[in-house]
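I have a structure I would like to understand better, so I am pasting it below and will then ask my questions one at a time.
The values are calculated or read from the model by the stated rules, or taken from the named source; none is laboratory data. As the structure is a prediction and not an experimental result, all values here were calculated from the model. Note: areas computed on protein heavy atoms with side chains; ligands, DNA, RNA excluded. Shrake-Rupley method; radii C 1.70, N 1.55, O 1.52, S 1.80 Å.
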Amino acid sequence: MGSGEAGAGGTWTFLSNHAHVLLCLADDPDQTLAVIAGRVGVTSRAVQLILGDLIAGGYVERTKVGRRNHYRVNPDGRLRHPLEAGHRVGELIAALGSGGRDPGQRAVGGGDLGELAEQP
């Protein structure tokens, strides 16, 4: 294997950190930046910058709830790369968004994933 290929201990992944953050938010819309950062394997500052991109692009909405933030993923957002532009964020989440849950179990926290799971 070459240095860019994933073997035991490989470092690359198929999804970007933006996709990882999006999947984390779909899994639990009330997570803190620190928790997301730990799950994705980046710094809290990196998550903050990624969230800024996702919010500016219309993929995520942020609402203040007391001193915390609640996030809602827009399932109708189109994937950005031309190879995936025919697909929506909701499809990505439906395919990969089970996180740490049993794949048949729906997410808690606002029903956003329940709506996604029912889309064709």
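At a probe size of 1.4 Å, how large is the accessible area of Leu33, to the nearest 10 Å²?
50 Å²
Between Arg80 and Val65, what length comes free when the chain is fully extended (0.36 nm per residue of separation minus the Cα-Cα distance, one decimal in nm)? Write down the numbers at each step before the final one.
Working: separation 15, 0.36 × 15 = 5.40 nm, distance 2.97 nm.
The Arg80-Val65 span can extend by a further 2.4 nm.
If the chain between Asn17 and Ala95 were fully stretched, how many nm would it gain, using 0.36 nm times the residue separation less the Cα-Cα distance?
Taking Asn17 through Ala95 to full extension adds about 26.4 nm, to one decimal.
While we're here: With every protein chain kept in the model, how would you rank Arg45, Arg80 by accessible area, 1.4 Å probe, largest at the top? Show your work: numbers first, answer last.
Numbers: Arg45 135, Arg80 195 Å².
These residues rank, largest area first, as Arg80, Arg45.
Which order do Val89, Val35 take by accessible area at a 1.4 Å probe, largest first?
Val35, Val89
Roll a 1.4 Å probe over the protein chains and send me the accessible area per residue for segment 14-81 in Å².
For segment 14-81, the per-residue accessible area is 58 Å².
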